[in-house]
Structure formats: structure tokens, C-alpha cells
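**Student:** Dumping the structure here so I can ask a few things about it.
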Amino acid sequence: MGKLTNKVAVVTGAAMGNGLGISKVLAKHGAKIALVDISDQLDSTVKKLQAQGVDCIGVHMNVADTQSVTAGVKEIIQHFGTIDCLMNNAGIIKLGSLLNTSDEERDQQFDVNIKGVWNVTKAVLPTMIENKKGRICNMSSVTGVMVADEGECAYATTKAAIMGFTRACAREVAKYDITVNAILPGYIQTPMADAIANESTPDDPSQTTKGIADAVPLGKRLGTIEEVGELAAFLLSDEASYMTATPVVIDGGSTLP
Ligand code: NAD
């Protein structure tokens with residue numbers, strides 16, 4: 001028996017990166033997974049997992065759009081019958097200083113990163129409340145909460161907002177035995193991390209992927225999506241029964257003073 005055997009988990013932003021790593025590890029621990037994404041890559045990701053024997057479906061959903069979320073969550077419940085675990089992972093970043101970030105770029109990040117977590121949680125909660133049990137985990141970041149990187153004003157704002165939401169929501173739903181925790185990664189090797197390293201000051205060696213890795217105390221490397229997945233699996237399992245509103249950092253020690 002895996003720690004998530006017979007659990008139905010929803011993972012947003014699951015076509016690639018952290019969401020894919022989390023989905024793979026949740027499946028390894030026995031969960032059935034609804035992989036949610038806006039990207040066309042979702043179908044090939046789901047096919048590959050199904051070929052490996054994972055009980056999963058792909059759900060095309062834009063977490064920033066309430067109608068899309070309502071329809072997607074309905075589809076998941078129709079397929080699996082219930083939802084036990086929710087991993088709010090989908091997120092985007094658009095680098096730029098405050099003065100150089102357009103209102104549109106600000107809103108895109110606020111819409112996906114903040115409203116996305118709000119929308120999907122709100123759509124899934126009635127099922128968890130009915131079950132009088134549930135596990136929710138939100139993807140924040142060390143950025144915005146513990147450190148601040150150049151050009152991440154809008155993104156950092158969203159990741160700090162997720163912590164406020166996590167705490168307030170945890171307070172509200174504790175009476176139903178539903179927990180709400182947050183993961184705060186440092187640099188994890190994903191398409192997003194590659195894009196950041198390529199975009200931000202290419203003339204500054206400390207900001208290349210190698211430069212970032214060299215500054216990480218543990219192993220001088222970026223984290224892997226599987227390492228993030230194992231943390232998510234624990235927080236979404238029955239084993240994390242006395243943890244809620246907790247921010248858990250996974251950064252190889254990179255935020256050590
Ligand atoms: P990624 O860009 O590699 O993958 C993000 C996934 O989210 C993509 O599949 C994308 O299509 C999907 N997505 C984007 N907008 C969506 C929407 N509106 N609806 C549904 N799906 C959507 O990014 P990643 O690095 O895997 O990041 C995943 C999460 O981890 C994000 O919340 C990110 O902020 C957080 N995070 C990442 C790092 C890192 O170093 N990679 C560090 C800290 C936090």
C-alpha cells in the first residue's frame with residue numbers, strides 16, 4: 001500500500017515541470033491523478049503516464065477562468081467520483097521591474113497565480129467538505145516570502161499572496177479535517193527555471209543556471225521535480241495529519257543567511 005493508495009488527486013499545471021514531477025510521484029505512491037493544464041502538451045504527458053500504468057486523465061482547464069474551472073472540476077468528479085487531494089501548482093512568471101511591467105503582464109500573473117489558486121480551491125472544497133476530509137497544497141516560492149530577486153515584483157507579490165490565502169483558508173476548513181499547506185521551492189530544474197536563467201541578465205554569470213546552482217549549499221545543484229513531488233506526496237497524505245497552514249521550504253539551503 002502506498003501512502004496515497006485509492007486517493008484521487010488533482011494537480012494543476014501538470015503538463016510539465018513541477019506539476020509533472022508531482023503527478024509522477026503521487027502516482028508512485030498509489031494516487032489516481034487528474035492532470036490539469038492549459039497547454040497542448042498535456043495530452044502527450046497523460047498518454048505517457050497511462051502507458052506506464054498510471055490511472056490518470058488529462059483535463060484542459062484554465063485555472064484563471066472560473067467557467068473553465070467549474071467545467072473541469074465537474075469532469076474530474078464525474079470520472080473519479082470524488083477528489084481527496086488538490087495540488088495548486090500552476091503558475092507563470094514574467095520578469096520585469098515594477099516600472100517596466102505593463103498592467104497586462106501584472107494581471108496575467110495575478111490571474112493565474114492568485115486567482116487560479118482561489119478558483120480551483122473554491123471549486124474543489126464542496127466535495128472535500130462533504131467528505132469531511134481533504135488535503136490541499138499550494139505552490140508558493142521562497143521568492144516574495146524569504147528572498148527577493150531582481151525583476152520579480154509581480155511574481156513575488158503573487159507568491160506572498162498565496163501564503164495569506166493558505167493561512168486564511170486553513171483556518172476556515174480545519175473544522176472539516178481539511179488541511180491547507182504550502183510548498184516554497186528555491187530553484188527547481190523546470191522549463192520555467194530555464195526561461196528565467198535565459199531571460200535575466202545573461203551577462204551576469206551568477207544568474208545563469210550554473211551560477212545559480214553553484215550558490216546552492218546542498219550539492220551545488222538545482223532541485224529536481226521528483227524532490228518537490230515527494231514533499232507534495234507527504235503533505236497530501238494522511239501522514240501529514242497534524243500539519244496545516246505550514247510553509248515548507250525546499251531549496252537546498254539556498255536561503256540560508
Ligand atoms: P513551468 O512553466 O515549467 O510549468 C508550469 C505549468 O503550468 C505549464 O505546464 C503551464 O502550461 C501550466 N499553466 C500555466 N498557466 C496555466 C493556466 N492558466 N491554467 C492551467 N495551467 C497553466 O513552471 P514550473 O517551474 O514547473 O512551476 C510550477 C509552479 O512552481 C509555479 O507555481 C511556480 O511559480 C512554482 N515555482 C517554481 C520554481 C522553479 O524554480 N521552477 C521555484 C519556485 C516556485
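Only the coordinates and a few stated rules stand behind these numbers; no lab work does. Fair warning: this is a prediction, and the values are worked out from it, not measured in the lab. Note that we place each Cβ from the backbone using ideal geometry, even for glycine, and neighbour counts take in every protein chain shown.
**Student:** Give me the pairs: first residue in the stretch 1-21 and in contact (Cβ under 8 Å) with a residue 60 or more places away in the chain and more than 15 Å from residue 46 (Cα to Cα), second residue of a type in the set (Phe, Trp, Tyr) and more than 16 Å from the ligand (Cβ to nearest atom), beta-carbon distance under 8 Å, and six or more apart or on different chains, which are they?
**Tutor:** Every condition considered, the pairs that remain are 3/234; 8/80.
**Student:** Is it true that residue 108 is away from the ligand (no atom under 13 Å from the Cβ) and either under 21 Å from residue 18 (Cβ atoms) or among the hydroxyl-bearing types (Ser, Thr, Tyr) (or both)?
**Tutor:** Taking the combined requirement at face value, the residue does not satisfy it.
**Student:** From 163, 146, grab the single residue that is of a type in the set (A, V, I, L, M, F, W, C) and touching an Asp or Glu at 6+ places or on another chain (Cβ under 9 Å).
**Tutor:** 146
**Student:** Mind telling me which of the residues 164, 253 ends up being without any contact (Cβ under 8 Å) to a residue 12 or more places away in the chain and surrounded by fewer than 21 Cβ atoms within 10 Å (Cβ to Cβ)?
**Tutor:** 164
**Student:** Further question on the same structure: Name the residue, out of 136, 129, 183, that is more than 10 Å from the ligand (Cβ to nearest atom), closer than 24 Å to residue 239 by Cα, hydrophobic (A, V, I, L, M, F, W, C) and part of a strand (DSSP E or B).
**Tutor:** On the way: 129 fails: part of a strand (DSSP E or B); 183 fails: more than 10 Å from the ligand (Cβ to nearest atom).
When all the criteria are applied, what remains is 136.
**Student:** Another question about this same structure. Could you check the stretch 191-200 and list, in sequence order, the residues that are within 7 Å of the ligand (Cβ to nearest atom) and closer than 18 Å to residue 147 by Cβ?
**Tutor:** The answer is 192, 193.
**Student:** Can I ask one more? Can you go through 244, 209 and tell me which one is of a type outside the set (D, E, K, R), more than 12 Å from the ligand (Cβ to nearest atom) and either over 20 Å from the mean Cα position of the chain (by Cα) or surrounded by 15 or more Cβ atoms within 10 Å (Cβ to Cβ) (or both)?
**Tutor:** 244
**Student:** Would you tally the residues in the stretch 53-74 being touching a residue at least 12 places away in the same chain (Cβ under 8 Å), surrounded by fewer than 16 Cβ atoms within 10 Å (Cβ to Cβ) and more than 22 Å from residue 25 (Cβ to Cβ)?
**Tutor:** Counting residues in the stretch 53-74 that are touching a residue at least 12 places away in the same chain (Cβ under 8 Å), surrounded by fewer than 16 Cβ atoms within 10 Å (Cβ to Cβ) and more than 22 Å from residue 25 (Cβ to Cβ) gives 2.
**Student:** Looking only at residues in the stretch 111-124 that are under 14 Å from residue 165 (Cα atoms) and more than 13 Å from the ligand (Cβ to nearest atom), which one is nearest to the chain's Cα centre (by Cα)?
**Tutor:** Of everything passing the filter in the stretch 111-124, 121 is nearest to the chain's Cα centre (by Cα).
**Student:** Could you check how many residues of the stretch 167-206 are touching a residue at least 60 places away in the same chain (Cβ under 8 Å) and of a type in the set (S, T, N, Q)?
**Tutor:** 4
**Student:** If a residue must be part of a helix (DSSP H, G or I) and touching a residue at least 24 places away in the same chain (Cβ under 8 Å), how many such residues does the stretch 91-107 contain?
**Tutor:** 2
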